[in-house]
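Structure first, then comments.
The values are calculated or read from the model by the stated rules, or taken from the named source; none is laboratory data. These numbers come from a predicted model, not from an experiment. Note that we place each Cβ from the backbone using ideal geometry, even for glycine, and neighbour counts take in every protein chain shown.
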Amino acid sequence: MTAPGRAPEIAGAPDEHAPPTGGWLSAALAMHAVQRRPDTMTLRLDVAGHGPLTLDYRHHAYDWATPLDAFPAEPESVRIETQAITPDAPPPFELPGRDLDALLWHVARAAFGDALAPWLDPARHYRIARRPSLAEAGIGLDHVRMISMLGNGYASPAVLAAAAQAELTEANRVINAFALIGILRVAPLGPPA
């Protein structure tokens with residue numbers, strides 16, 4: 001639980017010493033970095049064999065011809081382009097677009113494998129700030145249990161896995177997805193100073 005008078009921190013910044021590699025890992029690191037920037041940016045990914053994917057964080061939307069049930073977990077390559085825009089610039093595609101939550105769920109689960117994202121700590125306790133919109137994600141019962149638990153309180157990956165009767169690797173993947181969606185909160189360490 002968060003100590004009285006102390007707001008939870010937003011899950012931290014990526015480890016600048018971890019060298020990114022190709023595929024979804026580089027894309028996920030870029031997505032996380034764009035979300036944390038104070039200025040407004042759009043992100044365009046050229047996914048080999050699947051065409052351009054454009055993300056607009058201002059509208060929490062994306063545009064991609066590939067349906068999520070055909071999401072390429074291991075694309076040959078993903079080329080990343082960012083573009084700074086003004087907050088009032090027209091969107092890069094026709095709105096409303098598709099909600100980012102389910103896309104980011106898939107990207108995070110493909111990007112980091114069984115491990116936690118490099119900016120997350122397995123000893124810390126996490127919770128979600130809101131319920132994600134995962135209708136297109138095809139989540140299972142274990143995921144529903146973990147979402148409910150993280151919506152109601154803080155848990156480390158190990159505690160989450162044990163309470164949901166799931167594998168630790170699956171708890172890691174769920175926490176990664178919520179970090180990439182931008183709804184993961186981390187409990188402060190120790191009592192307030």
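Annotations
- All of PRO52, PRO75, PRO87, PRO92 fail the test of being closer than 16 Å to ALA28 by Cα and in a loop (DSSP other than H, G, I, E, B), apart from PRO75.
- Search result, residues across region 16-28 that are more than 18 Å from ILE183 (Cβ to Cβ) and either modelled with pLDDT of 90 or more or surrounded by 12 or more Cβ atoms within 10 Å (Cβ to Cβ) (or both): ALA18, PRO20, GLY22, GLY23, TRP24, LEU25, SER26, ALA27
- Flag for ARG58 being surrounded by fewer than 18 Cβ atoms within 10 Å (Cβ to Cβ), farther than 21 Å from VAL174 by Cβ, of a type in the set (Lys, Arg) and out of contact with any Asp or Glu (no Cβ under 9 Å at 6 or more places or on another chain): yes
- Close Cβ contacts (under 7 Å, 6 or more residues apart or on different chains) running from residues in region 96-110 that are on the phi > 0 side of the Ramachandran plot to residues that are of a type outside the set (Gly, Ala, Ser) comprise GLY97/ASP56; GLY97/HIS59; GLY97/TYR62; GLY97/ASP63.
- Out of ALA179, ALA129, ALA158, one residue alone is of a type in the set (Gly, Ala, Ser) and within 15 Å of ALA108 (Cα to Cα). It is ALA179.
- Single condition THR66 does not satisfy, out of (1) outside any strand (DSSP E or B); (2) touching a helix residue (DSSP H, G or I) at 6+ places or on another chain (Cβ under 9 Å); (3) among the polar types (S, T, N, Q): (2)
- Among the residues examined, LEU104 qualifies as in the same structural domain as LEU68 (by TED's automatic domain parsing) and not in a loop (DSSP other than H, G, I, E, B).
- Selection of region 167-191 for residues being without any contact (Cβ under 8 Å) to a residue 40 or more places away in the chain, under 20 Å from the mean Cα position of the chain (by Cα) and in a loop (DSSP other than H, G, I, E, B) yields only GLU167.
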